[in-house]
Amino acid sequence: MSHADGSYPKFLEALPKTQLLILDDWLRNPLSEIQTQDLLEITDDRHKRSSTILSTQIPVSDSHERFAAPTLSDAIMDLGFDSRRSTTRPN
């Protein structure tokens, strides 16, 4: 929505200043190439500056196939998961 109304740059400017960003249902639906580029920009701006919690039911091993751009997905995964803590629920 912020792309359409022109508020996207202001939104991006605010995200690195947010102490904690929670992305719930992370990658529930595959991302388009534009969404993947946006996520890379957000992840890069927040890297080692603020905290991000990703909540998902998708195994990390299946994450790459949910991004439209494989090269960008590698960069996002490298930035977003360099200090991850993963927990799984027993079946």
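So here's what we get for this one:
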item	result
Filter pass, Pro16 being over 15 Å from Thr56 (Cβ atoms) and either out of contact with any strand residue (DSSP E or B) (no Cβ under 6 Å at 6 or more places or on another chain) or small (Gly, Ala, Ser) (or both)	yes
Test: residue in the range 32-42 that is touching a residue at least 12 places away in the same chain (Cβ under 8 Å), surrounded by 11 or more Cβ atoms within 10 Å (Cβ to Cβ) and in a loop (DSSP other than H, G, I, E, B)	yes
Count - residues of the range 10-27 that are outside any helix (DSSP H, G or I) and closer than 16 Å to Ile76 by Cα	5
Selection count, the range 43-59, where residues are surrounded by 14 or more Cβ atoms within 10 Å (Cβ to Cβ) and in contact with a helix residue (DSSP H, G or I) (Cβ under 8 Å, 6 or more places away or on another chain)	8
Which listed residue, of Ile22, Ile76, Ile42, is modelled with pLDDT under 85 and among the β-branched types (Val, Ile, Thr)	Ile76
Qualifying residue in the range 6-15 (condition: of a type outside the set (Phe, Trp, Tyr), surrounded by 12 or more Cβ atoms within 10 Å (Cβ to Cβ) and in contact with a Ser or Thr (Cβ under 9 Å, 6 or more places away or on another chain))	yes
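The values are calculated or read from the model by the stated rules, or taken from the named source; none is laboratory data. Source: prediction; values computed, not measured. Note that each Cβ is placed from the backbone with ideal geometry, even for glycine, and that neighbours are counted across all protein chains shown.
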